[in-house]
Each structure stands twice: as C-alpha cells, then as structure tokens.
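I have placed the structure first, in the form of structure tokens, so that the comments after it can refer back to it.
The values are calculated or read from the model by the stated rules, or taken from the named source; none is laboratory data. Since we're looking at a predicted model, the values are computed, not measured. Virtual Cβ from ideal backbone geometry, glycine too; neighbours counted across all protein chains shown.
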Amino acid sequence: MSRLTITVNGQEVHGNSREPLLVQLENAGIQPEYQCRNGMCGACRCQLKSGAVDQQDAMAFVGQNEILACRSIPKANVELEFNYELIPSLKSHTG
C-alpha cells in the first residue's frame with residue numbers, strides 16, 4: 001500500500017508507506033517537534049493510537065504504544081497523538 005491516511009491529533013492528512021512520518025507530516029504542513037531526525041533525541045515521540053508502522057532502530061527510549069516520527073514508516077493507515085499542540089509549518093503542501 002503506498003497511499004494511506006495519517007490522522008494526527010484529530011487532523012487527517014494523506015501519506016504513503018515509503019517515507020518516515022516526520023517527513024510526511026512536514027510535507028503536509030504540520031510541524032512536530034524534533035532535534036535530530038535519526039532517533040537519538042526522542043523529541044518527535046508520539047502515541048500510536050491505531051495502525052501499524054515499521055519502527056527503524058533508534059537510541060531514544062520509547063514506551064508502550066509510542067513511536068518516533070523520524071524513524072517510523074507507516075505500513076497502513078495510522079492515528080497518532082502528540083501530547084502538545086502542533087504548530088502549522090511555514091511550508092505548506094499544496095496538491
């Protein structure tokens with residue numbers, strides 16, 4: 001499956017099963033917190049409420065039902081929850 005739906009804090013965006021969630025969210029105009037983009041810091045940690053991801057190796061701690069958006073590639077439709085208010089990015093995706 002290449003096209004799928006990513007629901008983030010109740011907002012739906014279109015995504016794919018090829019790129020990390022962090023990249024896809026940024027491309028959709030959503031800006032989660034991050035510092036490293038390689039799984040070291042854990043700043044992009046969020047709750048996986050439903051769906052499935054391929055969580056690549058990371059050094060940051062993740063608890064039960066948590067994922068790192070920078071190291072997770074969705075395998076199906078997913079629902080995520082960040083425990084802070086997401087700020088729209090200056091770069092918005094049109095198309």
Looking at G10, G42, G63, can you tell me which residue is on the phi < 0 side of the Ramachandran plot and either surrounded by 17 or more Cβ atoms within 10 Å (Cβ to Cβ) or at pLDDT below 95 (or both)? G63
Among the listed residues Q35, Q47, Q55, Q31, identify the single one that is without any contact (Cβ under 8 Å) to a residue 24 or more places away in the chain and within 22 Å of E85 (Cα to Cα). Q35
